[in-house]
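Enquirer: This is the structure, below, for whatever I ask next.
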Amino acid sequence: MMAWLRFLGTALLACRLLLAAPAAVAHPMPESLVWLDTTPGGMRLTAQLPLNRLEFAFGKPLSERPAEVLARHGDRLAAYLLQHVGVRGAGASWQVLRPALRVVDLNGAPELEAVFDLRAGSADARAPELVYDAITHEVRTHRVQVFLRNDWQGGRVGEAPLLVGELSHGHNTLFVPLDRERAAGGFTSLFEGGMLHIAEGTDHLLFLLMLLLVAPLTAQARRWQALRTPRAALAHTALVISAFTAGHTVTLVLGSLGLVRVPAGPVEIAVALTIAVAGIHAWRPLFARAEAWMALGFGLVHGLAFSASLSGAGLTPWQHAQALLAFNLGIEAMQLLVLCAVLPPLLMIGAARPAWHAHVRRTLAAVATLMAGAWVAQRSGLADLGDAAWLGDGGAVPAVLVCLLWLGALLCLATTPRAHGRRGSLRA
């Protein structure tokens, strides 16, 4: 009797799903997604399974009332998944712990998210073979895309997830290619990522250049005046840069933890606006007595942009803490290199040729402000830079400007030997 009831229930479920099939034809076929993150003892596997496909394999209706799925079927779903998810390596099976389950709604399509801790034990943790046939053992048309999201030991962190392969009916094993374990691989990779993020970002470099351009100057009556002594200039520059660092560190941490979420579009527009304001400030002082506060506030904006490159998804708390430290240290290291490249020629030109310094400052301020205006127009959809889009990539413009600064400084030293070391008026 019970067998007949189960058969009848399965038949009714199949009929209901078949009747619903025409409506699904107009939409993309839902697929399962799997993300892999290596951990010190093995891996963490995060799977997202569409409920309207999982119910075929599970044998129970799930998609009609997704809010009740875990209360009604949580234990049986966990047991089902444990039967269909595993890892092995070098002939030994990994230990698979009971998954943490939750139902998520992605664009109106409810899915079951299952997070597994996979422990290698005595098996080789760097040569895992995934065994996975949830849904696909029953639904022949279903596909499972598998991504490697983080490999901390191998140095793959903070990059776009790597598509490892696809699983389907009859194809339920997949070798996961992991690089050889490196000492401090994740930390080193993120340190380099932080440096590249500044080096390849023309907008961030131009903003730094605007801060450094006026850091050695004093202001009176809303005009830039005399050059500070080298010691005073270094102290003031350190104060402004430290304020910028404090600002972007706060929002980098909050953003990467997911505590502050701001869409990338408005953030990129805000970054361009900070460059425009900094450029105007370099032309004529707007925040002469509050440059550190300006740098702090604008640092908060730039930190939101940095956080887009550092997601904590898939990292353990300890790995995430190291990731924040490494990425931020990389940013600071590149800022220090920029300071070393820009400040000496500025001081040399200001001391030898004050008038030249004023011309250089106004020219660079105008270039930065115009470029910032173009970015604002492009990023807000008001204009298309087209072929000039390369101006925003690779830091080519700042590199050229720094070269010109050094050429100007050397020319000053060659043509005005008696003026070298003299501080002059930069009234402008």
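The values are calculated or read from the model by the stated rules, or taken from the named source; none is laboratory data. Predicted, not measured: the structure shown is a model, and the values here were computed from it. Backbone-built Cβ (ideal geometry, glycine too); neighbour counts: all protein chains shown. Keep in mind that these areas ignore ligands, DNA and RNA; they rest on the heavy atoms of the full protein, side chains included. Shrake-Rupley method; radii C 1.70, N 1.55, O 1.52, S 1.80 Å.
Enquirer: Where in region 96-136 are there strands (runs of 3 or more DSSP E), lying wholly inside it, with at least 1 residues that are under 14 Å from residue 38 (Cα atoms)?
Expert: 109-119, 129-132
Enquirer: While we're on this one: Looking at region 102-111, is at least one residue modelled with pLDDT under 90, closer than 28 Å to residue 150 by Cβ and among the small types (Gly, Ala, Ser)?
Expert: Looking for residues that are modelled with pLDDT under 90, closer than 28 Å to residue 150 by Cβ and among the small types (Gly, Ala, Ser), one finds at least one in region 102-111, hence yes.
Enquirer: Enumerate the pairs (first residue in region 226-245 and surrounded by 18 or more Cβ atoms within 10 Å (Cβ to Cβ); second residue anywhere and charged (D, E, K, R) and at pLDDT below 85) with beta-carbon separation below 9 Å, excluding pairs fewer than 6 apart on the same chain, so at least 6 apart or on different chains.
Expert: 227/423; 228/423; 236/228; 236/291; 240/291; 243/291
Enquirer: To continue, here is another question. Which residues, taken from region 53-66, are part of a helix (DSSP H, G or I) and open to solvent by less than 60 Å² (accessible area, probe 1.4 Å)?
Expert: 53, 54, 55, 57, 58, 66
Enquirer: Next question, about the same structure. Among the residues of region 67-82, how many are under 35 Å from the mean Cα position of the chain (by Cα) and loosely packed, with under 11 Cβ neighbours inside 10 Å?
Expert: Count: 1.
Enquirer: A further question follows. Please list, ordered by first then second residue, the pairs with beta carbon atoms under 7 Å, 6 or more apart or interchain, first in region 399-428 and modelled with pLDDT of 50 or more, second part of a loop (DSSP other than H, G, I, E, B) and open to solvent by less than 90 Å² (accessible area, probe 1.4 Å).
Expert: If the second residue must be part of a loop (DSSP other than H, G, I, E, B) and open to solvent by less than 90 Å² (accessible area, probe 1.4 Å), the pairs left are 412/353; 416/353.
Enquirer: Of everything in region 83-120, what is of a type in the set (Asp, Glu) and open to solvent by 50 Å² or more (accessible area, probe 1.4 Å)? Give them in sequence order.
Expert: 105, 117
Residues are listed down the side, and each one gets a yes or a no for (1) basic (Lys, Arg); (2) out of contact with any strand residue (DSSP E or B) (no Cβ under 6 Å at 6 or more places or on another chain); (3) at pLDDT 65 or above:
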site	(1), (2), (3)
1	no, yes, no
19	no, yes, no
22	no, yes, no
28	no, yes, no
38	no, no, yes
44	yes, no, yes
47	no, no, yes
67	no, yes, yes
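Enquirer: Is it true that some residue in region 210-222 is buried (at least 20 other Cβ atoms within 10 Å of the Cβ) and farther than 21 Å from residue 352 by Cβ?
Expert: yes
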